[in-house]
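Taking it in order: structure first as structure tokens, then the write-up.
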Amino acid sequence: MHLDPLAILTAFGLIFLAELPDKTMFASLAMGTRMRPLYVWFGTSTAFVVHVAIAVGAGSLIGLLPDWIVKLVSALLFAFGAFMLLRGGGDDDEDAAGGRTVTGFWPVYSTAFMAVFISEWGDLTQITTANLAATNGTWSTAIGSAAALMSVSALALVAGRFIAKRVPLKTVQRIGGLCMAALAIWSLVEIFAG
């Protein structure tokens, strides 16, 4: 196994910049305001590692799934997330630690994993990772890409915690729900625009 530091940095830089404004970052931010951020990070990170492994190991698998199906499932998951966030935030006197925050490792982990795993199929970062692996080496690309994706998720979760401590939970949930609804609409628009 040969690691090329320049290839690692190249993959990290390209993937970090491509993922920063991506819908997955906003989904991580929204999940982090309602669920335990560390559990969300484990779920999103595992999904990203699986996607990186698929991209560098068998990039051609992406082409086997019809693009519209991937986007439809992604839209449905974002719509479900929006519903969960908007369905009712409880009483106004709930404190930030109480209320309807989803707890428990496995429920949070599996929700975060599935949201990222399904929505990232055929994403720009997965395609870029597959292309970089073909030219810059498998292991270097895998390490750089996975580190970039996990970093963006961590950044979104830290921002989510910062926001949650300064803005009432109900407001954060409503904004998060609206963002998830917008992402669902965005995914549906991509089906018809593509």
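The values are calculated or read from the model by the stated rules, or taken from the named source; none is laboratory data. All values reported here derive from a predicted model rather than from experimental measurement. Here the Cβ positions follow ideal geometry from the backbone for every residue, glycine too, while neighbour counts run over all protein chains shown. The area values use the complete protein model at the heavy-atom level, side chains included, leaving out ligands, DNA and RNA. Shrake-Rupley method; radii C 1.70, N 1.55, O 1.52, S 1.80 Å.
Taking 25 Å as R0, compute the FRET efficiency from the Cβ-Cβ separation of residue 186 and residue 165 and round it to 0.05.
Working: r = 28 Å, r/R0 = 1.13.
Given R0 = 25 Å and the Cβ-Cβ separation, E is 0.35.
Can you send over the solvent-accessible area of residue 50, 1.4 Å probe, protein chains only, in Å² to the nearest 10?
Rounded to the nearest 10, the figure is 50 Å².
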